């Protein structure tokens, strides 16, 4: 097998392990689904009638970012228990595969939450067009790529519940700007380009630095 | 090949004046040792003497603050048992060994997993989640994971902890079979148990 095939098979095995753990424990995805749905319901009643769609899109992104944060906070919990992360670090696979596997697993959870959130948003607030959906997809990739790296950093520290939002939220601001822009701006395509560039740059940074984050 | 080069080729681990600090706390101070290929180093010392830290340095899970540490070989050659089992609690024993076997590129991982689980008395519990295991069973699984890829260097941090007489007997047999072929660094509070196998001893103060 080529090195790339081996790398891909490691990534798939690691992501599949996370999906299996979630199917068994069901402690992340149900929480994310309930959170995003209940947040949108609360926003629906909190927002005065006649409020512009622009404001509603802002609220959608608040709900999505905090839903992602909920998933990211739990992302490395299985690795913390029993020192499994040390087991992965010792394995001779490329350590960036650990990050990529986790990113893919978190992306699956976030996508599932968005599959509930977007129809709910369309029902309560405003229709969602294809550009807005593309914005959600691209921003989600960025959220998971950066978030998985930061969640790994936070997982190694004592105050992880506080540290993760402090690290993640500032870096999520460009994604929120891009996501909202793709949803409401007539120049939605340029926001998609911005989100794509963000994903590219930060995914490469996370991929290249993950090894240094998880080793002492 | 010169005498020095021959000696270097036979060495597996060499630590010189190793020091490790966590913040202002110095955990290891001026530790030096050499383990030749096939050697069996027994590390002893009181609680808090730095045994676990030293073994984590050798495994590459931590870096020394000062000093030189050379480990010949790569991660593929290392088997490590620490204070934690290094396995997923909500996966079964078989699923854990399958995952780590894949990451270690063990070609016959299913056969080898089965053989190790059988040997360490976990075969009947192979499909149970690790979170349902007793502490001793978890330790047996940790040993299976460490031996899965047939490592050339085995680093064992108090491996007899939590094992019952039966489990400890299996480990005794394993260590006796590995001695001489595999390089072993083992920390213990019961050095008499491995006295017959030890080729070198290191007492941490």
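If I take R0 = 41 Å and measure r between the Cβ atoms of residue B:176 and residue A:177 in this structure, what FRET efficiency does the formula 1/(1 + (r/R0)^6) give, to the nearest 0.05?
0.05
Could you please state, rounded to a whole Å, how far the C-alpha centre of segment A:130-185 is from the C-alpha centre of segment B:145-161?
40 Å
What do the square roots of 5 times the Cα gyration tensor eigenvalues come to for segment A:1-113, in whole Å, largest first, as semi-axes of the equivalent ellipsoid?
36, 15, 10
Among B:104, B:22, which comes first, second and so on when ranked by fewest other beta-carbon atoms within 10 Å?
B:22, B:104
For the protein assembly as shown, report the translational diffusion coefficient in µm²/s to the nearest whole number, using Stokes-Einstein at 4 °C, 1.567 mPa s, and a Kirkwood Rh over Cα pairs.
Reported coefficient: 55 µm²/s.
Got a sec? Which residues in segment A:68-83 would a label at residue A:161 touch, if it sits 7 Å along Cα→Cβ and we count backbone N under 13 Å?
Inside the label zone: A:73-74.
Can you report the principal axis dimensions of chain A using only the alpha carbons, biggest first, rounded to whole angstrom?
Per principal axis, max minus min of the Cα coordinates gives 58, 34, 30 Å.
Residue A:37 to residue A:129: extension gain in nm, 0.36 nm per residue of separation minus the Cα-Cα distance?
31.2 nm
Using only the alpha-carbon atoms, what does segment B:89-150 span along each of its principal axes? Please give whole angstrom values in decreasing order.
Projected onto the principal axes, the Cα atoms of segment B:89-150 cover 29, 21, 16 Å.
Largest first and to the nearest Å, give the Cα extent of chain B along each principal axis.
48, 43, 32
Percent antiparallel among DSSP beta bridges with both residues in chain B, to the nearest 5?
Rounded to the nearest five, the antiparallel share is 40 percent.
Gaussian network model of chain A, Cα springs within a sub-10 Å range: biggest mean-square fluctuation belongs to which of A:82, A:147, A:183?
A:82
Any chance you could give the angle, 0 to 90 degrees and rounded to 10, that helix A:188-214 forms with the longest Cα principal axis of chain A?
Helix A:188-214 sits roughly 30 degrees off the main axis of chain A.
Let me check against my output: what whole-number percent is the relative contact order of chain B, with C-alpha pairs under 8 Å and at least 6 apart?
Relative contact order comes out at 31 percent.
Is segment B:129-175 rounded, prolate or oblate when judged by the Cα gyration tensor, a ≥ b ≥ c being the square roots of its eigenvalues, rounded requiring a/c under 1.5 and prolate requiring a/b larger than b/c?
Taking the square roots of the gyration eigenvalues as a ≥ b ≥ c, segment B:129-175 is oblate.
When DSSP beta bridges are limited to those with both residues in the protein assembly as shown, what percentage is antiparallel, rounded to the nearest 5?
Once the DSSP bridges in the protein assembly as shown are tallied, antiparallel ones form about 40 percent.
Under a point spin-label approximation (7 Å from Cα along Cα-to-Cβ), what is the residue A:204-residue B:22 distance to one decimal in nm?
It is 3.8 nm.
Please compute, for peptide B:82-95, the average count of beta-carbon atoms on other protein chains lying within 10 Å of each residue's beta-carbon.
Average per residue, whole number: 5.
Any chance you could give the angle, 0 to 90 degrees and rounded to 10, that helix B:135-147 forms with the longest Cα principal axis of chain B?
70 degrees
By how many degrees, 0 to 90 and rounded to 10, does the Cα axis of helix A:130-155 deviate from the longest principal axis of chain A?
So the inclination is approximately 40 degrees.
Show that you can apply the helix-only estimate: for chain B, add -39,500 (n - 2.57) for every DSSP H stretch of four or more residues, divide by all residues, and state [θ] at 222 nm to the nearest 500.
-9500 deg cm²/dmol
Counting other C-beta atoms within 10 Å, which of A:61, B:72 has the fewest, and how do the rest follow?
Ranked by crowding around the Cβ, least crowded first: B:72, A:61.
Hey, rough spin-label estimate for residue B:63 and residue A:62, points 7 angstrom out along Cα→Cβ, what's it come to in nanometres?
The modelled label-to-label distance comes out at 4.3 nm.
Is the shape of segment B:1-119 rounded, prolate or oblate, going by the alpha carbon gyration tensor and its root eigenvalues a ≥ b ≥ c, with a/c under 1.5 for rounded and a/b larger than b/c for prolate?
oblate
No lab work stands behind these numbers, since they all come straight from the coordinates. Because the structure is a prediction, the values reported are computed rather than measured. We place every Cβ from the backbone using ideal geometry, glycine too, and count neighbours over all the protein chains shown.
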